[in-house]
Amino acid sequence: VPGAAYDAAGEAGTVYTDAPAQTTILGAAKMTGRIGPFTVGVLDAVTAPEYGRFAVRGGTEAMDDRAQIEPASNYLVARGRGRFGAAQVGGLLTAVNRNTNDDALATLLPSHEYVVGVDAEYALSDAWIVSGLGAASHVGGSADAMLGLQTAFRRLYQRPDADHLAVDSSRTTLVGTTAEVAIAKVSGTHWRGSLSAAYTSPGFESTALGFQTRADQNYVGLSVFYDEPEAQGWLRRWTANVFGSLGYSMGWDRTRSFMGWGLGMEFASLWSARLSGFANLRTVNDRITRGGPLWPD
């Protein structure tokens, strides 16, 4: 609802709104198939602009009008994946383009948001797999829209003690990257486990056609699992596992640090028992003050 509506209402005014719950899809197309060794899928959809009505009653005057609440937009998702012997390679593209000619919407929504990524998996043997992925994002729009992304909860550039971050109220683009690599033992008589490492730069943004809880992080994780399926005396079977993770912001504030263990036993009587432990080491929370200083966890 435009600010003028509130001004007209005055302190004693009341604003009524009526807005559609979803956008109208003008058209959509889907294509799937194979191109050489690759299985490919593409989905594209175009949505119409949507308008909501508002009415102001009270104060010095009344007002009835409508405002655009969603711009005309185009959404594209493309995915391909192919196998080359022991390797699988894939790619991903998402693109959102919006007609942000309306000044009010231009301050809230980026005009375009693109993400492109690749992923790969290679079987070293029947038991061992190494995998990795990488992606880059590019978001553009008005300075107000980019300011909103910089100060959004998933990045919080305005944090006073984040020396590696700074709000730039004049920028009209935001770019970022993310990557992950892992090695895992997925089968075997006794031992299984994985070791992974990942990072997401502060500017990475994938929420237009994806889900992202935060940016600005590095982490490494380890899990080891042992299974003894053979009966040994009064034990019919037993398992043990340890796991842990360590994470930092790009400014090397430790935001994640935990470890745990578990021991499971099944007795010859078919009774079973489970012991486990978990410990959180000292960390800081760079989100709980929502843009304020670091807070000890």
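What label, among [x] 25.6; [y] 22.8; [z] 16.1, belongs to mean projected area of the Cα convex hull in nm² computed from the structure on display?
Matching the structure shown: [y].
Within 10 Å, at most 12 other Cβ atoms, and a DSSP state outside H, G, I, E, B define an exposed site. Report the longest part of the chain free of exposed trypsin sites (Lys or Arg not before Pro).
Counting at most 12 other Cβ atoms within 10 Å as exposed, the longest clean stretch of the chain is 1-281.
Using a Förster distance of 51 Å, how high is the FRET efficiency between residue 250 and residue 64, based on the Cβ-Cβ distance and rounded to 0.05?
0.55
In nm, to one decimal, how far is the modelled label at residue 169 from the one at residue 25, with both set 7 Å along Cα→Cβ?
Label at residue 169, label at residue 25, 4.1 nm between them.
For the chain, what is the mean residue ellipticity at 222 nm derived from helices alone (per DSSP H run of n ≥ 4: -39500 (n - 2.57); sum divided by total residues; nearest 500 deg cm²/dmol)?
-1500 deg cm²/dmol
Summing +1 for each Lys or Arg and -1 for each Asp or Glu, what net charge is found among the other residues whose Cβ lies under 9 Å from the Cβ of residue 205?
Within the 9 Å Cβ shell, the charges total +1.
How much area per residue is accessible in the chain when the probe is 1.4 Å and only protein heavy atoms are counted (Å²)?
Counting only protein heavy atoms, the per-residue value for the chain is 57 Å².
Ignoring ligands, DNA and RNA, please state the percent of accessible area on the chain from carbon and sulfur, probe 1.4 Å.
Answer for the chain: carbon and sulfur cover 59 percent of the accessible area.
Please list, by residue number, every one of the chymotrypsin sites (Phe, Trp or Tyr not before Pro) in segment 218-280 that is coil in DSSP and has at most 10 other beta-carbon atoms within 10 Å.
Answer in residue order: 234, 252, 271.
Using DSSP to call loops (not H, G, I, E or B), can you name the GluC sites (Glu not before Pro) in segment 159-264 whose Cβ has at most 15 other Cβ atoms within 10 angstrom?
Passing sites in segment 159-264 are 230.
The values are calculated or read from the model by the stated rules, or taken from the named source; none is laboratory data. For clarity, every value in this text was computed on a predicted model and none was experimentally measured. Ideal geometry is used to build each Cβ from the backbone, glycine not excepted, and the neighbour counts take in all protein chains shown. The area values use the complete protein model at the heavy-atom level, side chains included, leaving out ligands, DNA and RNA. Shrake-Rupley method; radii C 1.70, N 1.55, O 1.52, S 1.80 Å.
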